[in-house]
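Peer 1: Next up is a structure, given as structure tokens.
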Amino acid sequence: MNPAADLTALRTRGEKIACLTAYDAGFAAILDAAGIDAVLVGDSLGMVVQGEDTTLQVRMADMIYHSRIVRRGLHRAPLIADLPFASCTTTAQALGNAARLVSEGGAQIVKLEGADGQVERVAAMVAAGIPVCGHLGMQPQSVLTTGGYRVQGNEPESARHIEVSAQALQAAGICMLVLECVPAALAARVTQALSVPVIGIGAGPDCDGQVLVLYDVLGISPEPPTFSHDFLKGAAGIAAAVQAYISAVKAGRFPPRRP
Ligand code: KIV
């Protein structure tokens, strides 16, 4: 079993990777049966499940609990779990918390936001046998310092920073990268430049795959982001909506290419 290698194989054969978030066993089982390529227990659970305004309140205990119950619903798709806010402030803390997500939460890949100050921690996790997914572009855990949820990488300097950070994370051993809310052209460049799968969210159609928050895909979120899409509209039910999302990603129909 090597979920990271399986996802890389999809990229290698040019098949788009379809991912969604899940937070409990019931939805996880629907995603798994529909053929999702990977399930992310995102710290977005703080906003969509716990009703908080940001992801900053999410604790390790929450991530472990939700990962464990999602894992029970999965028989095939790999489980990626987020390292929450302030869970990786030192290498020792990052290693300990990543190991807990794997051993107590059942995660097969852990995801952490950012690269500044994190590259050494990523390398330590990888050296300890923990597959790591990076996360660049908009980083909701940095909302207090970046000042809001907005597209990143519009200016040449910040675009360059994202490109350099992506290379640094790849050199540290990440097995995949999530790029959130960056211009499509920048996401395409990063995807071309890396050899690990790049999964976009609000980052245009040219990434190796896509991830969305399940509650946005099912039209549950009160204020879904503009780049998302309600796949339940017109579908026969939740399983059909998830299948429609997977088909649209695989066929390159989602997200639509903008002129
Ligand atoms: O927390 C989350 O759900 C995420 C996705 C938006 C990529 O990180």
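The values are calculated or read from the model by the stated rules, or taken from the named source; none is laboratory data. From a predicted model like this one, the values you see are computed outputs, not experimental measurements. Quick reminder, even Gly has a Cβ in these numbers, built from the backbone with ideal geometry, and neighbours come from all protein chains shown. When the accessible area is computed, the model is the full protein with side chains, heavy atoms only, and any ligands, DNA or RNA have been set aside. Shrake-Rupley method; radii C 1.70, N 1.55, O 1.52, S 1.80 Å.
Peer 1: Would you mind telling me the share, in percent, of accessible area of the range 1-155 contributed by carbon and sulfur at probe 1.4 angstrom?
Peer 2: Carbon and sulfur together cover 54 percent of it.
Peer 1: Okay, next question. Just grab the label-to-label distance for residue 240 and residue 155, each label 7 Å out from Cα along the Cβ direction, in nm (one decimal).
Peer 2: That separation, rounded to one decimal, is 4.9 nm.
Peer 1: Could you give the length gained by full extension between residue 5 and residue 91, i.e. 0.36 nm per residue of separation minus their alpha carbon distance, to one decimal place?
Peer 2: Additional length available on full extension: 28.4 nm.
Peer 1: Further, regarding this structure: Projected onto the charge dipole of the chain (+1 at Lys/Arg Cβ, -1 at Asp/Glu Cβ, origin at the Cα centre), which of 148, 60, 210 gives the Cα projection farthest towards the positive end?
Peer 2: 210
Peer 1: In addition: Based on a Kirkwood Rh over C-alpha pairs, give the Stokes-Einstein translational diffusion coefficient of the range 1-102 at 20 °C and viscosity 1.002 mPa s in µm²/s.
Peer 2: Translational D for this selection: 150 µm²/s.
Peer 1: Hey, how much of the P(r) for the range 52-92 falls beyond 16 Å, as a percent of Cα pairs?
Peer 2: 46
Peer 1: Hey, rough spin-label estimate for residue 253 and residue 195, points 7 angstrom out along Cα→Cβ, what's it come to in nanometres?
Peer 2: The two pseudo-label positions are separated by 3.5 nm.
Peer 1: Tell me, how many Å apart are the Cα centres for the range 11-53 and for the range 145-220?
Peer 2: Using only Cα atoms, the two centres lie 17 Å from each other.
Peer 1: Shifting gears a bit: Cα-based Rg (one decimal) and Dmax (whole number) for the range 108-259, in Å?
Peer 2: 15.9, 47
Peer 1: Accessible area per residue of the chain at 1.4 Å probe, in Å²?
Peer 2: 43
Peer 1: Oh, and also: Based on Cα positions only, what radius of gyration and what Dmax would you give for the chain, in angstroms?
Peer 2: 16.6, 49
Peer 1: How much length would be gained if the chain were fully extended between residue 99 and residue 164, taking 0.36 nm per residue of separation minus their Cα-Cα distance, in nm to one decimal?
Peer 2: Length difference between fully extended and current span is 20.7 nm.
Peer 1: Which peptide among 41-53, 72-84 comes first, and what is the full order, when sorted by highest mean count of other Cβ atoms within 10 Å?
Peer 2: Averaged packing, sorted descending, gives the order 72-84, 41-53.
Peer 1: When the Cα atoms of the range 206-259 are enclosed in a convex hull and the volume is divided per residue, what value in Å³ results?
Peer 2: 86
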